[in-house]
Amino acid sequence: MILIFSAPSGSGKSTLVQHLLETRQDMELSISATTRAPRGQEQDGREYYFISQDRFEQLIREDAFVEWQQVYKGTYYGTLRSEIERIERAGHHVVFDIDVKGGINVKRMFGDRARAIFIAPPSIDALRQRLTGRGTDSPEKIEERLAKAEIEMADAPLFDTILVNDDLATAKRELDKEVAAFIK
Ligand code: 5GP
């Protein structure tokens with residue numbers, strides 16, 4: 001089975017995916033390839049496979065990707081076919097943490113084998129407060145992310161479920177229920 005998580009930036013997607021991976025030993029995160037540089041403590045082969053743009057483009061030509069996107073201008077992200085094979089060989093369910101466009105594409109590809117979950121912030125205003133509180137982005141960057149978030153929110157109905165992340169503990173409980181029902 002395949003679980004897909006997509007969300008506007010700042011919705012708490014990573015926290016919820018992390019929660020799922022910590023509580024369910026039968027699931028494994030699909031590690032994407034990217035051309036962006038590692039941030040902080042990130043390690044090659046753990047958060048991402050960090051590769052050059054030349055290599056990424058070569059892999060596109062070789063049809064090595066299940067799905068890829070230029071999520072930010074000039075920065076590629078994609079899921080390698082070999083990665084899905086690796087997880088399936090281990091007998092685990094595959095968890096995707098990908099952008100909204102990628103999420104829709106993967107859902108189309110896998111149909112009923114996949115459950116696509118859209119993590120939504122309670123409101124654009126709440127998202128603004130979170131992004132401001134995080135203190136990692138300039139005001140311009142925050143407005144850019146908010147504009148992108150509004151566009152992404154319009155695609156939420158294409159997902160199987162919309163999970164509103166207002167209170168984190170509640171969202172985790174809802175997620176556990178949703179996943180348990182799908183896997184059964
Ligand atoms: P970040 O650079 O913050 O780790 O990720 C930026 C965005 O790219 C996130 O929304 C993340 O989910 C998305 N992303 C990561 N891997 C993939 C992938 O393989 N395909 C697509 N379409 N998006 C991805």
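So how far apart, in nm, are the two label points at residue 63 and residue 168 if each is 7 Å from Cα heading toward Cβ?
Result: 4.4 nm between the two label points.
For the chain, what is the accessible area per residue in Å² when the probe is 1.4 Å? It would help to have the intermediate numbers written out before the result.
Working: 9950 Å² over 184 residues.
Heavy-atom accessible area per residue stands at 54 Å².
Does the range 2-183 come out rounded, prolate or oblate, given a ≥ b ≥ c as the square roots of the eigenvalues of its C-alpha gyration tensor, rounded meaning a/c under 1.5 and, failing that, prolate meaning a/b above b/c?
Because a/c hits 1.5 or more and a/b fails to exceed b/c, the range 2-183 counts as oblate.
Longest exposed-loop-site-free stretch of the chain, with GluC sites (Glu not before Pro), DSSP loop and at most 14 other Cβ within 10 Å?
63-184
Using only the heavy atoms of the protein chains and a 1.4 Å probe, how would 94, 164 rank by accessible area, largest first?
Descending order: 164, 94.
Can you compute 3J(HN,Hα) from phi for each residue in the range 25-38, using the Karplus curve 6.51 cos²θ - 1.76 cosθ + 1.60 with θ = phi - 60°, rounded to whole Hz and x for Gly and Pro?
In residue order, the calculated couplings are 6, 8, 10, 9, 6, 6, 7, 7, 9, 8, 9, 7, 6, x Hz.
Taking H placed 1.01 Å from N in the peptide plane, check which residues at least 5 places from residue 29 or on another chain put their amide H under 5 Å from its amide H.
For residue 29, the qualifying residues are 95.
So how far apart, in nm, are the two label points at residue 158 and residue 18 if each is 7 Å from Cα heading toward Cβ?
For residue 158 paired with residue 18, the spin-label model returns 2.9 nm.
Taking amide H positions as placed 1.01 Å from N in the peptide plane, with prolines and chain starts having none, which residues 5 or more places from residue 164, or on another chain, fall under 5 Å of its amide H?
120
I'd like the antiparallel share, as a percent to the nearest 5, of DSSP beta bridges with both residues in the chain.
30 percent
Shape call for the range 1-70 from the C-alpha gyration tensor, a ≥ b ≥ c root eigenvalues: rounded (a/c under 1.5), prolate (a/b greater than b/c) or oblate?
Numbers: a/c = 1.89, a/b = 1.58, b/c = 1.20.
The shape class here is prolate.
Mark the label point 7 Å from the Cα of residue 88 along Cα→Cβ and return the residues of the range 106-123 whose backbone N is within less than 19 Å of it.
Counting only backbone N, you get 106-116.
Rounded to the nearest 10 Å², what accessible area does residue 46 show when all protein chains are kept and the probe is 1.4 Å?
The accessible area of residue 46 comes to roughly 110 Å².
Which length gain, in nm to one decimal place, applies between residue 141 and residue 26 when the Cα-Cα distance is subtracted from 0.36 nm times their residue separation?
Working: separation 115, 0.36 × 115 = 41.40 nm, distance 3.74 nm.
The residue 141-residue 26 span can extend by a further 37.7 nm.
I'd like the accessible area for residue 21, computed on protein heavy atoms only with a 1.4 Å probe and all protein chains in place. Round to 10 Å², please.
Roughly 40 Å² of residue 21 is accessible to a 1.4 Å probe.
The values are calculated or read from the model by the stated rules, or taken from the named source; none is laboratory data. What you see is a predicted model, and the numbers here were worked out from it, not measured in a lab. All Cβ positions, glycine included, derive from the backbone under ideal geometry; neighbour counts span all protein chains shown. Heads up: the accessible areas ignore ligands, DNA and RNA and are worked out on the full protein's heavy atoms, side chains in. Shrake-Rupley method; radii C 1.70, N 1.55, O 1.52, S 1.80 Å.
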